[in-house]
1. Helix 3-27 sits at what angle to the longest principal axis of the chain, using alpha carbons and giving 0 to 90 degrees rounded to 10?
2. Assign one of three labels to segment 109-198, namely rounded, prolate or oblate, based on the Cα gyration tensor with a ≥ b ≥ c the square roots of its eigenvalues; rounded applies when a/c is under 1.5, prolate when it is not and a/b is larger than b/c, and oblate otherwise.
3. Could you pull out every residue, at least 5 positions away or on a different chain, whose amide H is within less than 5 Å of the one on R65? Hs are placed 1.01 Å off N in the peptide plane, and Pro or chain starts have none.
4. For T253, put the label point 7 Å out on the Cα→Cβ axis and report which residues of segment 183-212 keep their amide N under 14 Å from it.
5. I'd like the distance between the alpha-carbon centres of segment 18-33 and segment 101-151, rounded to an integer number of Å.
6. Just to confirm the number: angle between the C-alpha axis of helix 102-121 and the first principal axis of the chain, 0 to 90 degrees, nearest 10?
7. On a full-extension model of 0.36 nm per residue, what is the gain between I123 and A4, subtracting their alpha-carbon distance, rounded to one decimal in nm?
8. Taking amide H positions as placed 1.01 Å from N in the peptide plane, with prolines and chain starts having none, which residues 5 or more places from R40, or on another chain, fall under 5 Å of its amide H?
Amino acid sequence: MSTAAAAVVAAIAGALIGSFLNVVAYRMPRRESLVRPGSRCPTCGSPIKPYDNVPVLGWLLLRGRCRACGAPVSARYPVVEAVTALLWAGVVLRFGADSDVWLPLVFVTLLVPVTLIDLDFHIIPNTLMIAGAVAALALVPAFESGDVVEHLIAGAAALAFFLIAAVAYPAGMGMGDVKLAGVMGLFLGRAVAPAIFTALIAGTLVGVVIIARFGAAEGRKKGIPFGPWLALGGVVGVFAGDALVDWYLDTFT
Ligand SMILES: [Zn+2]
């Protein structure tokens, strides 16, 4: 299969996985089963018919409404499906249609529910962090066996860096961010450095804008939790991390 064809397959698979990630993001923080019952309209509770549950298209064809009760269905669902499809296709285009894709593919997939749940509840579930750490510890030796030590050091260093930040500024950082940073290091290896840098810059810039607009007290209330910025940094780390590290080393050393 050509890389382009594999990217199309990855986009379709990514959209289906994105549909499941919507379920995970809704049910995991509510401690509901991820498999039963099937998807239901959150307003009227009617089961969603399989033909209406097609990622992105189902929502578009029903113009964002429940077929049974007509209540609006959030545009977030198709957006998450589309973003997951793009991430999967992008990983295949970036890493090629071979075994190099599994580590970045699992990583970007993990970042989607982390982002959604942190935005909604300001928590990052331990279940996701344990699953991520286990996956990274299995996938790195399997597919990047030469870089196991690098990934372990990156995980420990990122965890320690955020632990210090969380102890120094408990209002800005939570233990969820500390664990997420560690998991990101396990997946990314040295590319976790530009990932964290990106997260800090993006989060700080947006924080400054929000405080300038709404004032410090109100800005804190409106503040976006840090997990989504780490996830954004993680995506940058996947697609450009190694190039950024090489650029930095060439320029400054
Ligand atoms: Zn309904």
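1. 80
2. Numbers: a/c = 2.20, a/b = 1.39, b/c = 1.58.
The shape class here is oblate.
3. Counting only residues 5 or more places away or on other chains, the set is V73.
4. Label zone hits: 190-194.
5. 17
6. So the inclination is approximately 70 degrees.
7. Values: separation 119, 0.36 × 119 = 42.84 nm, distance 3.72 nm.
My answer for the length gained is 39.1 nm.
8. I48
Computed from the coordinates by the stated procedures, all read-outs in this text should not be read as laboratory data. Bear in mind that the values here come from a model prediction, so they are computed numbers and not experimental data. Cβ: placed from backbone, ideal geometry, glycine included. Neighbour counts: every protein chain shown.
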